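Chemist: Submitted below is the structure of interest, expressed as structure tokens.
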Amino acid sequence: QVQLVESGGGLVQPGGSLRLSCAASGSDFSIYSMGWYRQAPGKQRELVAAITTGGSTNYADSVKGRFTLSRDTAKNTMYLQMNSLKPEDTAVYYCKFWFGLLSYWGQGTQVTVSS
């Protein structure tokens, strides 16, 4: 069983930055692929960024060049650095860990980009 706790969301002006954190506990951090998803009101949840156990990352086209996913295995924490934020980035952001058929979600953190 893995417990995931997100933090770092909030209200930011367009062009601003936020860093989200996803702290994991309860299992070996290194065996999981992991990623960030987001869900805006009235829309489906979508993948924002992901990283494999080998360290390969991929990003949604809408965030390439602006968002950076990283992880600190010593702290069992994954991060999403979000720069040049746009109003369309407004959503609840969720972290997810998965291994085979197992998957775990965090509770979500709200990001609102507005002037």
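Chemist: I'm trying to understand the selection: among the residues of the stretch 1-30, which are farther than 29 Å from Leu102 by Cβ, open to solvent by 60 Å² or more (accessible area, probe 1.4 Å) and either under 16 Å from the mean Cα position of the chain (by Cα) or aliphatic (A, V, I, L, M) (or both)?
Modeler: Result: Leu11, Ser17.
Chemist: In the stretch 31-74, what residues are of a type in the set (Phe, Trp, Tyr) and under 12 Å from the mean Cα position of the chain (by Cα)?
Modeler: Of everything in the stretch 31-74, those that are of a type in the set (Phe, Trp, Tyr) and under 12 Å from the mean Cα position of the chain (by Cα) turn out to be Trp36, Tyr37, Tyr59, Phe67.
Chemist: Let me ask something else. Among the residues of the stretch 55-96, which ones are among the β-branched types (Val, Ile, Thr) and either in a loop (DSSP other than H, G, I, E, B) or touching a residue at least 40 places away in the same chain (Cβ under 8 Å) (or both)?
Modeler: Passing the criteria: Val63, Thr73, Thr77, Thr90, Val92.
Chemist: Inside the stretch 97-115, can you point out the residues that are in a strand (DSSP E or B) and either among the charged types (D, E, K, R) or within 24 Å of Thr52 (Cβ to Cβ) (or both)?
Modeler: Phe97, Trp98, Phe99, Leu102, Ser103, Tyr104, Trp105, Thr109
Chemist: Which condition number does Ser33 fail, the rest of (1) touching a Phe, Trp or Tyr at 6+ places or on another chain (Cβ under 7 Å); (2) open to solvent by 70 Å² or more (accessible area, probe 1.4 Å); (3) polar (S, T, N, Q) being met?
Modeler: (2)
Chemist: Here's another thing I want to ask about it. Would a scan of the stretch 40-49 turn up a residue that is more than 16 Å from Glu88 (Cβ to Cβ), part of a loop (DSSP other than H, G, I, E, B), touching a residue at least 24 places away in the same chain (Cβ under 8 Å) and open to solvent by less than 60 Å² (accessible area, probe 1.4 Å)?
Modeler: no
Chemist: Out of everything in the stretch 58-98 that is more than 15 Å from Leu18 (Cα to Cα), basic (Lys, Arg) and surrounded by 15 or more Cβ atoms within 10 Å (Cβ to Cβ), what residue ends up being modelled with the highest pLDDT?
Modeler: Only one residue fits best here, namely Lys96.
Chemist: Same structure again: Find the residue count for the stretch 2-26, including only residues that are touching a residue at least 60 places away in the same chain (Cβ under 8 Å) and assigned to a loop (DSSP other than H, G, I, E, B).
Modeler: The number of residues fulfilling the criteria is 8.
Chemist: Moving on. Scan the stretch 99-110 for residues that are of a type outside the set (Phe, Trp, Tyr) and open to solvent by less than 40 Å² (accessible area, probe 1.4 Å) and jot them down. Even if it seems obvious, please write down each step before you answer.
Modeler: If we filter the stretch 99-110 for residues that are of a type outside the set (Phe, Trp, Tyr), which is where we start, we get 100-103, 106-110.
Correct list: Gly106, Gly108, Thr109.
The values are calculated or read from the model by the stated rules, or taken from the named source; none is laboratory data. All values reported here derive from a predicted model rather than from experimental measurement. Heads up, the Cβs are rebuilt from the backbone with ideal geometry, glycines too, and the neighbour counts pull from every protein chain shown. Protein only, heavy atoms only, side chains kept; ligands, DNA and RNA dropped before computing areas. Shrake-Rupley method; radii C 1.70, N 1.55, O 1.52, S 1.80 Å.
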